[in-house]
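Report on the structure given below.
Every read-out reported here was derived from the displayed coordinates using simple, explicitly stated rules and does not represent laboratory data. Everything quoted here is computed from the prediction, not taken from an experiment. All Cβ positions, even for glycine, are placed from backbone atoms using ideal geometry, and neighbour counts span all protein chains on display.
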Amino acid sequence: MIALGCDHGGYSLMQVVKAHLDKRGLSYRDFGTFSSESVDYPDFAKKACEAILSGECDKGILICGTGIGMSMTANKFRGIRAAVVSDCFSAEATRSHNDANVLCMGERTVGPGLATMITDIFLDTPFSDEERHKRRIAKIED
Ligand code: RB5
């Protein structure tokens, strides 16, 4: 189950991502926002992160104007590793090296085609499970 959250700045791109997840038959829970009316991005990042930490969801996708505010909020939660991604290489690396569990993207920085490619890579790339990466991730939580 994928936790989704966006603000007004990411609302349109989130509709594209949702349609793509639907096409792939992937389950998600959408924590809003549900329109392009102005809202505060931390409210939606928090709901999605809480669903991951409770075990209801295993990954999250957060979208705002830049992805930055969403990632700043998400990374405040112990156990959340959120990455702002705007290229395919980073999407792969943040899964295989950082075991990122939240993908953040910016509607104002990433187009819909690239966003769906990044989403696929993020969802389909496993963590490498290599010792050096596990050690480094453990140090994030220290
Ligand atoms: C909203 O205007 C914008 O600040 C927000 O979507 C996001 O980019 C914050 O990081």
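Observations on the structure shown:
- Checking each residue in the range 67-92 for being without any contact (Cβ under 8 Å) to a residue 24 or more places away in the chain, crowded, with 20+ Cβ neighbours inside 10 Å and more than 14 Å from the ligand (Cβ to nearest atom) picks out only Ala83.
- In the range 93-106, residue farthest from Gln15 (Cα to Cα) [restricted to those that are away from the ligand (no atom under 16 Å from the Cβ) and not hydroxyl-bearing (Ser, Thr, Tyr)]: His97
- Tally, over the range 121-138, of residues that are within 14 Å of the chain's Cα centre (by Cα) and loosely packed, with under 15 Cβ neighbours inside 10 Å: 1
- Arg136 being over 15 Å from Gly10 (Cα atoms), of a type in the set (Lys, Arg) and either touching a Lys or Arg at 6+ places or on another chain (Cβ under 8 Å) or not in a helix (DSSP H, G or I) (or both): no
- Hits in the range 56-66 - residues which are within 10 Å of the chain's Cα centre (by Cα), over 12 Å from Ile118 (Cα atoms) and away from the ligand (no atom under 14 Å from the Cβ): Lys59, Gly60
- The residues of the range 13-71 that are among the β-branched types (Val, Ile, Thr) and farther than 20 Å from Val110 by Cα, listed by number, are Val39, Ile52.
- Failed criterion for Thr109 (all others in (1) within 16 Å of the ligand (Cβ to nearest atom); (2) within 19 Å of Met1 (Cβ to Cβ); (3) assigned to a loop (DSSP other than H, G, I, E, B) hold): (2)
- Output for the range 1-35, where each listed residue is surrounded by fewer than 16 Cβ atoms within 10 Å (Cβ to Cβ) and within 16 Å of the ligand (Cβ to nearest atom): Ser12, Gln15, Phe34, Ser35
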